[in-house]
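Some notes on the structure that comes next.
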């Protein structure tokens, strides 16, 4: 069955965004690829998606790299999204607080650092394409095995990059955050916040 891959694309001709945005990801492949494809489907420009560190990434390294990148760029970025995994990083909460305090505080560039976290990892959001789950997952490998066993999918499956189920995933992510205190697990994700930001940017670009 051939899926309609144009559901996210706008019919009107793109208008260049007046504001620039940047997305810095902790991992090199999965989340970076996801956001690049999502932005492409929305039909918008002026958004860069980059690996947040040259080596093994931690939230602290991603934020530090983003700051250097913004400082060295000739253009100004209106918002900069820091996409990281809670996983077992000790610096996660500190980086979250730093991002929250950094609003308009960058001396060289006028940008907001928006913290986008997931516990345990970005791949948890892909699972929410499939189900609204309360199952506890300690790490990314557990999620990958679960997706393979229950849905016969890998995290590279085009389903997650082409499917309109992103709306389902956003809905599930919101409900999990809303009912976090009632959940048996500590899993959550803020990816829906970023996707909704991107969707709103697309609307501004193509009114």
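Quick check on my filter: what residues within region 116-132 are part of a loop (DSSP other than H, G, I, E, B) and crowded, with 18+ Cβ neighbours inside 10 Å?
Selection gives 120, 121, 122, 128, 129, 130.
Working carefully through the options 155, 170, 143, find the one that is in a loop (DSSP other than H, G, I, E, B), in contact (Cβ under 8 Å) with a residue 12 or more places away in the chain, in contact with a helix residue (DSSP H, G or I) (Cβ under 7 Å, 6 or more places away or on another chain) and farther than 17 Å from residue 82 by Cβ. Please lay out each step first, then the result.
Values: 170 fails: in a loop (DSSP other than H, G, I, E, B); 143 fails: in a loop (DSSP other than H, G, I, E, B).
Just a single option satisfies the conditions, and that option is 155.
With respect to residue 11, is the statement that it is modelled with pLDDT under 80 and exposed (fewer than 13 other Cβ atoms within 10 Å of the Cβ) true?
The answer is yes for residue 11.
Any residue that is at pLDDT below 90, in contact with a helix residue (DSSP H, G or I) (Cβ under 6 Å, 6 or more places away or on another chain) and either surrounded by 20 or more Cβ atoms within 10 Å (Cβ to Cβ) or farther than 29 Å from residue 142 by Cα (or both) - is there at least one of those in region 96-108?
yes
So, of the residues in region 173-200 that are part of a helix (DSSP H, G or I) and modelled with pLDDT under 90, which turns out to be surrounded by the fewest Cβ atoms within 10 Å (Cβ to Cβ)?
Only one residue tops the list, namely 181.
The values are calculated or read from the model by the stated rules, or taken from the named source; none is laboratory data. Note that the coordinates shown come from a computational prediction; the quantities given were computed from them, not determined experimentally. Note: ideal-geometry Cβ built from the backbone for every residue, glycine included; neighbour counts use all protein chains shown.
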